[in-house]
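Have a look at the structure below, then the notes.
Only the coordinates and a few stated rules stand behind these numbers; no lab work does. None of the values given here were measured: they were computed from a predicted structure. Here the Cβ is made from the backbone with ideal geometry for all residues, glycine too, and neighbour counts use every protein chain on show.
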Amino acid sequence: MRTRLHKWFLLLGAAAFFALPLTSRAQLTTEDIASRDNMESHVAGYTGHVQDAAYDYRRYCVGCHGDMGDANGEVAQWLLPPMWPKPRNFQLGVFKCRSTPTGTLPTDDDLFNAITRGFDRSAMPIWNQFTKYQRANLVAYVKHFSPRFVTEKPGTPISIPPEPEVTPERIKAGREVFARVQCWKCHGVQGMANGPSASTLQDDLGFPIAAFNFTDGTRPKCGDTDEDIYRIFMTGLDGTPMPSFADNIKPDEAWDLVFYLRTFMQQPSKAKEIAKTLNLKPVSANP
Amino acid sequence: MKRQRNFVALVSTIVLLCCGALLLNQKVSAAGEGKITGNVKFEGAPPHMRGIDMSKDPWCVKANADHPQHLENVVVATNGGLENVVLYIDGWSGDATVEKTVPVFDQKNCMYTPHILGLDVNQTFKVTTSDQTAHNIHPLPNPMINVGWNQSQPPGAPPIEKSWKNPEVIPVQCNIHPWMHGYFVVVKGPVAVTDDSGNYTIENVPPGTYTVKAWHEPDTTQTAKVTVSAGGSATANFSFNK
């Protein structure tokens, strides 16, 4: 009896503890949120409306993201980082997957793509079974939780030059960029998420978070095309330790870096084929 | 001959610039701005500040080999002065500060210099790095108040220019070096931070009666009433015990 009570206390305590940082920042009232009921999205050639997503949101999203969009759905307390990242708190208006610079709002397309894609290595499902109209409406619904979408415009998407031909020289140049800007501090010299700073990483809400392991066959959360990977390190994943490198990597170098990152990944690619002939050593962790 | 002419040109430029500065200055004193100065003391025995283990990054260890770094939560001078206290005016309603400098927040020897930057709302500041190791500069405002960002600054990175829209105490951290921790303290109006003897001066304060606020991390605030006369200097001293 004693031990059972004990267990309950521990469980309750843990739930309260994990819920605290999230609740302490969720301050909006139902009225405040309702005042943005006229929020729209413009995506996939369609105008999305908040009301039209109300049913889908309540049916499919509330369990994790909460009816106030504050990530306090009943499932959320059981998601324990870093294995299971917490759901996004939509009230904060901070998003990981953006085509826009760090510190700016994502475009409607970015949110649409994130919802379609789902988040690998998390509880966030893939929603590509929904029609594009349903997803466009959900984008409007997600936006209406945050006052930022009224007071600010989305950032201007970064421009990405056309992808050049991958060559041995470019892969080697990408290895130099990886060494120079020191991605390895978090991701490790072989991209295995075991860099010297990896063990202490926390997200903005204070939860532990793992760096991306390029070698384990999982996919980047924000898309796995070459362009997606380019975008990820040039915009950063806001709300996480993953910074933007836009000021420190030139567009041409960024493509070199994408090719080098490909050599770590299990997914077949031309860069990976070429790398087999290059016998590249991991960069030095003591430059 | 040519050199002489250059010299004359230089001297007259300097004279002109000085006149300009004098004129501008006059405008300032015409408004009768005064200042608030004082000293902040720490009461009692200063708490022990743990040394920082930088072994995650050998470059940081080497950079601090001669002067090991300690935590900076409470920095007390030998004379009892308390460093890093932010002083500002409660409920400031005046114009924006007359002359706005662009303060610099530098990443140096794997520490933030200064530890705390006091800023007026919308005041531009610069983030620079002096280090040969990569940092990421990651301020953590409450997203309901200010908009955060996270940028890498590898060795040789260009400065980043930013500002904050709303008053807030904003912690800033480096995820690569988790001991690096500082604050942007954003207030409305003129602001000062105590130096390594606990002294401060708030400049550009028009005549009037004010409530001065003194803030020390993580969240202690004290207040004092002062009256500034035209072109005069008022004093407000404080003392903290944590």
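Name the chymotrypsin sites (Phe, Trp or Tyr not before Pro) in segment A:171-246 that are in a loop by DSSP and that have at most 13 other C-beta atoms within 10 Å, would you?
Values: sites: A:Phe178, A:Trp184, A:Phe212, A:Phe214, A:Tyr230, A:Phe233, A:Phe245; in loops: A:Phe212, A:Phe214, A:Phe245.
In loop regions of segment A:171-246 (DSSP not H, G, I, E or B), there are no sparsely surrounded chymotrypsin sites (Phe, Trp or Tyr not before Pro).
Angle, helix A:2-23 long axis vs. longest principal axis of chain A, Cα atoms, 0 to 90°, nearest 10?
Taking Cα atoms only, the helix is inclined about 70 degrees.
Using Cα atoms only, what is the angle between the long axis of helix A:132-143 and the major principal axis of chain A, expressed in degrees (0 to 90) to the nearest 10?
Roughly 70 degrees, rounded to the nearest 10.
From the mean inverse distance of alpha carbon pairs (Kirkwood) and the Cα radius of gyration, derive Rg over Rh for chain A. Intermediate results must be reported in sequence, preceding the final value.
On the way: Rg = 20.6 Å, Rh = 20.4 Å.
That ratio is 1.01, to two decimals.
Which shape class applies to the protein assembly as shown: rounded if a/c is under 1.5, otherwise prolate when a/b exceeds b/c and oblate if not, where a ≥ b ≥ c are the square roots of the Cα gyration tensor eigenvalues? Working shown, then result.
On the way: a/c = 1.64, a/b = 1.37, b/c = 1.20.
Since a/c reaches 1.5 and a/b is larger than b/c, the shape of the protein assembly as shown is classed as prolate.
Around B:Ala234, with a cut-off of 11 angstrom between Cβ atoms, what is the net charge of the other residues, counting Lys and Arg +1 and Asp and Glu -1?
Numbers: positive: B:Lys35, B:Lys225; negative: none.
With Lys, Arg at +1 and Asp, Glu at -1, the neighbours total +2.
Please list, short to long, the whole-number percent of alpha-carbon pairs of chain B in consecutive 10 angstrom bins beginning at zero.
Result, from short to long distances: 7, 26, 30, 22, 12, 3, 0 percent.
Taking Cβ-Cβ under 4.7 Å as the only way to count a partner, pick out the unpartnered cysteines of chain A.
Lacking a cysteine Cβ partner under 4.7 Å: A:Cys61, A:Cys64, A:Cys183, A:Cys186.
Once every DSSP H run of n ≥ 4 in the protein assembly as shown is given -39500 (n - 2.57) and the sum is divided by its residues, what mean residue ellipticity at 222 nm do you get, rounded to the nearest 500 deg cm²/dmol?
One gets -8000 deg cm²/dmol as the mean residue ellipticity at 222 nm.
For chain B, give the share of DSSP beta bridges that are antiparallel, in percent and rounded to the nearest 5; count only bridges with both residues there.
75 percent
May I ask for the angle, rounded to the nearest 10°, between helix A:108-117 and the longest principal axis of chain A, with both axes built from Cα atoms and the value confined to 0 to 90°?
90 degrees
Suppose every K and R has +1 on its Cβ and every D and E has -1 on its Cβ; what is the size of the dipole of chain B about the Cα centre, in Debye to the nearest 20? Walk me through the numbers before you get to the answer.
Details: 18 positive and 20 negative charges, 145 e Å.
In total the dipole reaches around 700 debye.
In the protein assembly as shown, if the dipole is taken from +1 on Lys/Arg beta carbons and -1 on Asp/Glu beta carbons about the Cα centre, which of B:Ser233, B:Leu119, A:Thr218 is farthest to the positive end?
A:Thr218
Of B:Lys100/B:Lys162; B:Lys41/B:Lys213; A:Lys250/A:Lys270; B:Lys126/B:Lys162, which pairs sit farther than 18 Å apart, going by alpha carbon to alpha carbon? Before the final figure, lay out each step's value.
Working: B:Lys100/B:Lys162 14 Å; B:Lys41/B:Lys213 15 Å; A:Lys250/A:Lys270 22 Å; B:Lys126/B:Lys162 6 Å.
Flagged as over cut-off: A:Lys250/A:Lys270.
Could you give the size of the charge dipole of chain A about its Cα centre, using +1 on the Cβ of each K and R and -1 on the Cβ of each D and E, expressed in debye and rounded to the nearest 20? Before the final figure, lay out the partial values.
On the way: 32 positive and 31 negative charges, 205 e Å.
Using Cβ point charges on Lys, Arg, Asp and Glu, chain A gives about 980 debye.
Compare the Cα positions of A:Pro241, A:Val150, A:Ala254 along the charge dipole of chain A (+1 at Cβ of Lys, Arg; -1 at Cβ of Asp, Glu; about the Cα centre) and return the one farthest towards the positive end.
With unit charges placed on the Cβ atoms, the residue in question is A:Pro241.
Only Lys, Arg, Asp and Glu count, each charged at its Cβ (+1, +1, -1, -1), so figure out the dipole size of segment B:121-242 about its Cα centre, rounded to 20 debye.
Working: 7 positive and 8 negative charges, 66 e Å.
Here the size comes out at about 320 debye.
Does segment A:198-239 come out rounded, prolate or oblate, given a ≥ b ≥ c as the square roots of the eigenvalues of its C-alpha gyration tensor, rounded meaning a/c under 1.5 and, failing that, prolate meaning a/b above b/c? Don't skip to the answer; put the middle values down first.
Details: a/c = 2.68, a/b = 1.47, b/c = 1.82.
Oblate, since a/c reaches 1.5 and b/c is not below a/b.
For segment A:68-74, take each phi angle, set θ = phi - 60°, evaluate the Karplus expression 6.51 cos²θ - 1.76 cosθ + 1.60, and give the result in whole Hz per residue in order, putting x for glycine and proline.
9, x, 9, 6, 10, x, 5
Got a sec? Charge dipole of segment A:139-274, +1 on Cβ for Lys and Arg, -1 for Asp and Glu; which of A:Phe178, A:Pro164, A:Ala140 is way out at the positive end?
Most positive-ward Cα: A:Ala140.
Each residue of segment B:146-155 in order: what ³J(HN,Hα) in whole Hz does its phi give by Karplus 6.51 cos²θ - 1.76 cosθ + 1.60, θ = phi - 60°, with x for Gly and Pro?
Each residue's phi maps through the Karplus curve to give 10, 9, x, 7, 8, 10, 7, 10, x, x Hz.
Quick check on my link table: of A:Lys281/B:Lys108; A:Lys185/A:Lys281; B:Lys188/B:Lys225, which ones sit more than 20 Å apart, alpha carbon to alpha carbon?
As for pairs spanning more than 20 Å Cα to Cα, those are A:Lys281/B:Lys108.
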